[in-house]
DNA sequence: ACAATAGTGTCTGTGAGACAGTATCGA
DNA sequence: TCGATACTGTCTCACAGACACTATTGT
């Protein structure tokens, strides 16, 4: 759509003072959360190259020519997980001048949520390096994390917890069809506290619709499968 | 702190593929709100130069060398209004590749709130061009707005309304000492709906503390001045 | 029959919403 | 005394929290 020399660019560059302003690299960093083994986990990569070599880092890509930020984020998710069409949301932009020791890089962080069953057949291009780690353990361990990524993770975790309480984003962490005990467990894991069955069901009732399917083969009463209700406002 | 050629920069630039990735200009755009004449107003500038000349636009600055995003935003506010130390908050980052016809510019938007009394002695360097406009009228009028700034304003307005309902940010729109009818009016203007006196007072009670001062000289019962209570959690 | 988990009925306290009442100024 | 606005008391109702109860499977 845009030629590399649009009308006005010369004028722009003429007024551009490199001593005051600088051209900056823009990256998106991806915070991909899922729930597995009763645990909130995050997708990380282990760096092989110079800055912070050997450290864990968030997966990320540089924003490409002609690409929107959202497109760059989705490309990153695709490269890292092989998935497309998952939930994503821009979180915050981190731009301290020395956050990357190489050159000035500004990072636009995106949160992605995916259910563990979709992520099960993950097989991206770079998956050799990718690891799925329990967030809480990762943050509590002294493990060194590259750049300012530890802080970014803390922030994303805080936002996720907030939004789970007043929106239905947690639905993106379970399969399309899910039981209420299953969904409740996800809420409890993210929020870090137990919930009452009856209250939980009343709360999510307007956001779900029944299916005809039930669990089977377990030594107790089967539970009904539900599906997310499409209509309704889901706020923020 | 950082020299312009830190160790690793050469290696970084060697791997850097300009066909795929590009160096991008990063700007901050400022959404400075205040309340005046029973109206929520926003600070805008009228552009003199090429892209969108003559159009209204959000004030903004390019991020300077060695500057954090927050610092750039505060510098912009200072240049535009002469003020420092006012409330600010990063909102969202806009990066569509053709949002600026000159070259690729990514905009990190910041919301600033200031009370009308502080803004009264505004006298920045570029104020010749600055105007304070009622937000609702501006958006409803067909007036052409530069770049994607109309959308940015819509978003900021939506966020402001949301946060006013569950935080105490509205306090930044009134002077340090304020009466409750005054504060209530600000809430009503931002939310666009009338509130009940008694309920409003109960809601803000934990966030304020009394002073000994009262209004005087008006033909009715005087109202007490309050001050924002420092302690307490103010969420988000 | 029993263990185990799914699912429901209902009491209670808290807080928002609505409205009526009282208080205190200048004229 | 009166008009005008500040401030308070209280009723109602919706909803979150807590807990006890019923339901349905495999063994």
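Among the residues of segment B:90-98, not a single one is in contact with a helix residue (DSSP H, G or I) (Cβ under 6 Å, 6 or more places away or on another chain), modelled with pLDDT of 95 or more and assigned to a helix (DSSP H, G or I). Scanning segment B:127-159 for residues that are outside any helix (DSSP H, G or I), closer than 28 Å to residue B:102 by Cβ and touching a strand residue (DSSP E or B) at 6+ places or on another chain (Cβ under 7 Å) returns B:129, B:130, B:131, B:132, B:133, B:143, B:145, B:146, B:147, B:148. Would you check if residue B:227 is over 18 Å from residue B:41 (Cβ atoms) and either modelled with pLDDT under 95 or away from DNA strand C (no atom under 11 Å from the Cβ) (or both)? In short, yes. With respect to (1) in a helix (DSSP H, G or I); (2) at pLDDT 95 or above, the lone exception for residue B:162 is condition (2). Condition (residue is modelled with pLDDT of 95 or more, within 10 Å of DNA strand C (Cβ to nearest atom) and in a loop (DSSP other than H, G, I, E, B)) applied to segment B:171-179: is it met by at least one residue? No, every residue in segment B:171-179 fails to be modelled with pLDDT of 95 or more, within 10 Å of DNA strand C (Cβ to nearest atom) and in a loop (DSSP other than H, G, I, E, B). Only one of the listed residues (B:150, B:185) is within 16 Å of DNA strand D (Cβ to nearest atom) and away from chain A (no Cβ under 14 Å). That residue is B:185.
Give me the residue from segment A:165-182 that is within 15 Å of DNA strand D (Cβ to nearest atom) and away from chain B (no Cβ under 14 Å) and, out of that set, farthest from residue A:229 (Cα to Cα). Among residues in segment A:165-182 that are within 15 Å of DNA strand D (Cβ to nearest atom) and away from chain B (no Cβ under 14 Å), the one farthest from residue A:229 (Cα to Cα) is A:181. Across segment B:223-236, the number of residues qualifying as out of contact with any strand residue (DSSP E or B) (no Cβ under 7 Å at 6 or more places or on another chain) and in contact (Cβ under 8 Å) with a residue 60 or more places away in the chain comes to 3. Residue under question is residue A:161, and the condition is that it be away from DNA strand C (no atom under 11 Å from the Cβ), within 14 Å of chain B (Cβ to nearest Cβ) and surrounded by 13 or more Cβ atoms within 10 Å (Cβ to Cβ); does it hold? Considered against the rule, which asks whether it is away from DNA strand C (no atom under 11 Å from the Cβ), within 14 Å of chain B (Cβ to nearest Cβ) and surrounded by 13 or more Cβ atoms within 10 Å (Cβ to Cβ), residue A:161 comes out as yes. If the condition is being within 12 Å of DNA strand C (Cβ to nearest atom) and either surrounded by 13 or more Cβ atoms within 10 Å (Cβ to Cβ) or touching a residue at least 60 places away in the same chain (Cβ under 8 Å) (or both), then segment B:189-202 contributes B:191, B:195, B:200, B:201.
As a summary of the residue check, residue A:220 satisfies the conditions (1) surrounded by 12 or more Cβ atoms within 10 Å (Cβ to Cβ); (2) within 16 Å of DNA strand D (Cβ to nearest atom); (3) without any contact (Cβ under 8 Å) to a residue 24 or more places away in the chain; (4) away from chain B (no Cβ under 14 Å) except for the one numbered (1). Working only within segment B:80-93, note down all residues that are facing chain A (nearest Cβ under 10 Å) and free of Cβ contacts under 8 Å to residues at least 60 places away in the same chain. Within segment B:80-93, B:90, B:93 meet the criteria. For segment A:203-217, filtering for residues that are without any contact (Cβ under 8 Å) to a residue 24 or more places away in the chain and either within 12 Å of DNA strand D (Cβ to nearest atom) or assigned to a helix (DSSP H, G or I) (or both) leaves 5. Taken over segment A:29-59, residues that are within 11 Å of the chain's Cα centre (by Cα) and either assigned to a loop (DSSP other than H, G, I, E, B) or under 12 Å from residue A:111 (Cα atoms) (or both) amount to 10.
The values are calculated or read from the model by the stated rules, or taken from the named source; none is laboratory data. In this text, all values refer to a predicted model and were calculated from it rather than measured experimentally. Note that each Cβ is placed from the backbone with ideal geometry, even for glycine, and that neighbours are counted across all protein chains shown.
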